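Take a look at the structure set out below.
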Amino acid sequence: MPSQPSLLTRINTLLLRFKPYLRWMILGATLFFVGSALWHHWSEVAALRLDWTGWITLAIALVVTLLAHIWSGWVWGWILQALNQPVRSFWSVSVYLQTNIAKYLPGNVWHFYGRVMAAKTAGVSLTAATVSVLLEPLLMAAAALIIALTNAGHNALLQGFILMTVLLALHPRFLNPLLQLAARLKGKSQLAVANSPLSTVSPPPTVLLRYPLRPLLGEIGFVALRGTGFALTLFSLTPLPFYQLPVVFSAFSVAWMLGLVIPGAPGGIGVFEATAIALLRSSFAPGIILGSVALYRVVSTLAEVLGAGLAWIVESAKARRNQ
């Protein structure tokens, strides 16, 4: 008699079956929450006005957010270097900016796919390229949690536990065995086509030589820049006292992290807005929060479009010079 599938196998099958529906449920719930808040406070949002200082502040927020994306591409190069892949910072920034806009496509994975393919074309090993795009969101999540802990309140214990779990998972002692296992599985799959005597010599495995401290610090800088862009957007609509900055940065970090890790919406659309509204509603008027998250979504998307366009222009000019 054929053996019955284990409970774990059946649970995994059910999760895979319902995963597409889970995405739509999360997207629907978050959009309903945001839409409901907008419906009840529409008069306050409609009354918001930007004066010339507000427009200047928004322009500065756009520049800061664009710098954040450029910096993130630089840090991605650091991640590849930590995986023993020598890449140039200019190349990593260019690829990162040109692929970043693809995260808004359904599936929320096409920016990762684009980076992996570009890295492979540039001579980076496929394993290292794949690991780099898996490490990046983990490092970003850890960075966001570190900033969020500056004003975590009663959630400090939970956030601290999650942070320690992520930081331990990034340690070479725990991560390298998984990378070596992936390399062995890949080697077995290629064994059938390896006919030369050199095929018995395996390439050096993709491993972390040391704890990725520099990329982690770089991602802290990235989240801090993104938080600064959000704070400037908020400041364009209302005065922002200095003592409220830790509240704003902590709430932004949590909202942005959840938009990063929760499946459902491309680019975190809906998840970020709903979380930011929930966390900041006790500190600011509902109309101000709704206007801020809406403006910041425009600022963030425009910064990504500008970044992709600038990278394409620079690459095109470089290609013409080399002809």
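Starting from 0.36 nm per residue, how many nanometres of slack lie between A122 and L240 once their C-alpha separation is accounted for?
37.9 nm
In a Debye calculation with equal point scatterers on the alpha-carbon sites of the stretch 207-319 and no solvent, what is log10 I(q)/I(0) at q = 0.20 Å⁻¹?
Those come out to -1.09, one per q.
Give, in nm to one decimal, the length gained when the segment between Y104 and W55 is fully stretched (0.36 nm per residue of separation minus the Cα-Cα distance).
15.0 nm
Read-outs throughout are calculated quantities, based only on the coordinates presented, and are distinct from any laboratory measurement. Since we're looking at a predicted model, the values are computed, not measured.
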